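No lab work stands behind these numbers, since they all come straight from the coordinates. What you see is a predicted model; the values in this text were computed from it and never measured. Neighbour counts run over all protein chains shown; Cβ positions are idealised from the backbone, glycine included.
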Amino acid sequence: MRKPRRSRDFLEYEKVLSFKEKELILEELNTTQGDVKVALIFPKNYELASSSLAFSYVQRLLSSHPRIRCERFFFDETFSKFYSLESQTPLDEFRIWAFSVSVEEDFFNVLEILKRRGVPLFQNERESYHPIVVVGGALTYTNASVFLPIADAIYHGELEEFLEDFQEALLEEERNALLEKMSRIPAVSCPSFGKSFEKFGWVKDLSVHKPYSHFVSGFGVFSGKLLVEIGRGCIRRCNFCVFGRRFKPARFLRLEILKEVYEKVAYREWGLISATITDYPWLEELIEFLEEENLRISVSSMRLDGLKPELLKVLKKSGQQSFTIAPEAGTQRIRDVLGKDITDEQIEKALKMGRESGFERVKMYFIYGIEEETEEDLAGVKEIVEIAKRMGYVEVHLSLNPLIPKPGTGFENREMLPFEELKRRESFLREILRMKGVRVDFESLRDSVIQYTISRCNEEQARKWVRIFDKEGKEGLRKRVFEEGRKVSC
């Protein structure tokens, strides 16, 4: 790829290249051959994109077809041209734009990318020469209605289930022929054909394609780690989570398959991805394998009632300075409302186990803003922190997030608490948690209201928002969505 001449484009080109140069490629993919060029776009910054297994795994799945050349793109506020990570090829040279959306706010950046490249925002206004916009990812499990006016096709669920059909559709050269073929896939919504999806893509066996990344990035929360998905779905039924309710049963990658991955890539630092590693059916054998091979690991999540000293030992040996648990609420009463079946005794036991394993730092996740919650329940968060401090933890890091009732969860018929009430509860928590050695992070209430509002929108509402975006831009639309959500929750 020839370097761009304009200074602004050159700076963008160099920024993309700098991220690429810090990637360690463990498995070469078909990204230089193939006549069907697919842009896989993660509508967030590179640090977040590289922390997502979907960013590399979907690329590996699509590239398994000899004719498909799939390259990765990410979003940056300074970008206008958008260059691929693999070859620094401009986005405009790709006929198919596949967006991987994971959270509601990705909606804004999808619109922003389309507008910056001069692509009509509404799918029914595009001509044959415009790129074909496909949307998939975690957000399609809950409510993908916000993308119906924008996307030419939406793939709902797991790509592996209909991978061959999806790849074959991408091979069609003519726009309508491609979308017509796409519309035959049960997991696809195709608005121009008036077709909604019939069932989610959902695979029973994770071992067929082995979900792991083919490169290691020097950025993100899993910096320097090979991402390996050992479990998908969840065996729990927490009321605030969609995956434990909509996708049963949970599926796990068998240990012998994990060993095959290790033999193939021979890389000794892993980021293990699962709803919670402590629910992995062969956890004891996994720990033995990690110790035998001297593998260094990070984990995405752990259930505190399933912690084992041996697992904490492996994490400590891997260089982790802290471990993470999720009590979710300060009292048993509210944990029961949340459907989080853990007890005060189990929380205390997990904290004690962490200290005995040599950890001096712990991070804990909590949810607040539940209708039944009182100040006494909120004060329970402080009591848990005090237990940790008495045990000798030098730093307790808290992440506190307001309850966002989502479609597909046990709370889908609830409304988010009014914005002013959430602000009051946040202020109360801030005040009582002013303690030495305690670090507190609150998720933005404004962003949370926006997330809640988008999660419940319908196609008509989405069309209105796209028109607002076209006139007022991203920040103008964010403001309007927030105001709309604030009124709903009042």
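Just want to confirm a number: the relative contact order over the chain, from Cα pairs under 8 angstrom separated by 6+ residues, in percent.
12 percent
Picking from Phe323, Phe359, Leu477, whose Cα lies most toward the positive end of the charge dipole for the range 321-490 (charges on Cβ: Lys, Arg +1; Asp, Glu -1)?
My answer, from the dipole projection, is Leu477.
Once the Cα atoms of helix 375-391 and of the chain are each reduced to a long axis, what angle between those two axes, in degrees from 0 to 90 to the nearest 10, is obtained?
Helix 375-391 sits roughly 70 degrees off the main axis of the chain.
Counting Lys and Arg as +1 and Asp and Glu as -1, each charge on the Cβ, what is the dipole of the range 287-426 about the Cα centre in debye, to the nearest 20? Walk me through the numbers before you get to the answer.
Values: 22 positive and 28 negative charges, 119 e Å.
Magnitude of the dipole: close to 560 debye.
By the gyration tensor of its Cα atoms, with a ≥ b ≥ c the square roots of the eigenvalues, what is the shape of the range 7-193: rounded for a/c under 1.5, prolate for a/b over b/c, or oblate? Each step should come with its number before you reach the end.
Details: a/c = 1.44, a/b = 1.27, b/c = 1.14.
It comes out rounded by the Cα gyration axes.
Where the centroid of each part is defined by its Cα atoms, how far is the range 98-112 from the range 299-368 in Å?
The two parts, judged by their Cα centres, are 32 Å apart.
For the peptides 416-428, 141-153, what is the packing order when you average, over each peptide's residues, the other Cβ atoms within 10 Å and list the highest mean first? Kindly include the intermediate steps, with their values, before the conclusion.
Working: 416-428: 16.8, 141-153: 22.3.
Descending mean neighbour count gives 141-153, 416-428.
Relative to the longest principal axis of the chain, what angle (0 to 90°, nearest 10) does the C-alpha long axis of helix 283-293 take?
80 degrees
Identify, among Phe252, Cys238, Thr278, the residue whose Cα sits farthest towards the positive end of the charge dipole of the range 225-317, taking +1 on the Cβ of Lys and Arg and -1 on the Cβ of Asp and Glu, with the dipole about the Cα centre.
Cys238
Using per-residue counts of other Cβ atoms within 10 Å, averaged over each peptide, order 93-103, 15-25 from highest down. Write out the running numbers ahead of the final one.
Values: 93-103: 21.5, 15-25: 14.9.
The peptides rank, most packed first, as 93-103, 15-25.
Regarding the chain, what is the average projected area of its C-alpha convex hull, in nm²?
Numbers: hull surface 89.8 nm².
The directionally averaged projection comes out at 22.5 nm².
Compute, for the chain, the length of the dipole vector about the Cα centre, with Cβ point charges of +1 (Lys, Arg) and -1 (Asp, Glu) only. Units Debye, rounded to 20. Write out the running numbers ahead of the final one.
On the way: 77 positive and 81 negative charges, 190 e Å.
Value, rounded to 20: 920 debye.
For the range 7-193, with only Lys/Arg (+1) and Asp/Glu (-1) charged at the beta-carbon, what is the dipole magnitude about the Cα centre, in debye rounded to 20? Could the numbers behind the result be given before it?
Working: 19 positive and 32 negative charges, 61 e Å.
Using Cβ point charges on Lys, Arg, Asp and Glu, the range 7-193 gives about 300 debye.
Of Leu48, Ile68, Phe82, which is farthest towards the positive pole of the range 7-193's charge dipole, taken about the Cα centre with +1 and -1 on the beta-carbons of Lys, Arg and Asp, Glu respectively?
Checking the options against the dipole of the range 7-193, the answer is Phe82.
When all alpha-carbon pairs of the range 89-167 are counted, what percent fall beyond 19 Å?
Numbers: 1061 of 3081 pairs.
Result: 34 percent of Cα pairs exceed 19 Å.
Could you tell me what % of all Cα pairs in the range 321-490 have separations over 24 Å?
Working: 6224 of 14365 pairs.
Of the Cα pairs, 43 percent sit more than 24 Å apart.
Greater than 32 Å separation of Cα atoms is the criterion. Which listed pairs, Lys15/Lys225; Lys382/Lys474; Lys44/Lys199; Lys204/Lys225; Lys22/Lys317; Lys259/Lys389, meet it?
Values: Lys15/Lys225 22 Å; Lys382/Lys474 38 Å; Lys44/Lys199 28 Å; Lys204/Lys225 26 Å; Lys22/Lys317 25 Å; Lys259/Lys389 39 Å.
Cα-Cα > 32 Å for Lys382/Lys474; Lys259/Lys389; rest within.
Report for the chain the percent antiparallel among DSSP-assigned beta bridges with both residues inside it, nearest 5. Don't skip to the answer; put the middle values down first.
Values: 9 of 54 bridges.
Antiparallel bridges make up about 15 percent of those DSSP assigns within the chain.
What translational D, rounded to a whole number of µm²/s, comes out for the range 225-317 from Stokes-Einstein when the hydrodynamic radius is the Kirkwood one over Cα pairs, at 25 °C and 0.890 mPa s?
Numbers: Rh = 13.7 Å.
Rounded, D is 179 µm²/s.
May I ask for the Rg/Rh ratio of the range 176-243, computed from Cα atoms with Rh as the Kirkwood radius, given to two decimals? The partial results should precede the final answer.
Numbers: Rg = 17.4 Å, Rh = 15.7 Å.
Reported Rg/Rh, Kirkwood definition of Rh: 1.11.
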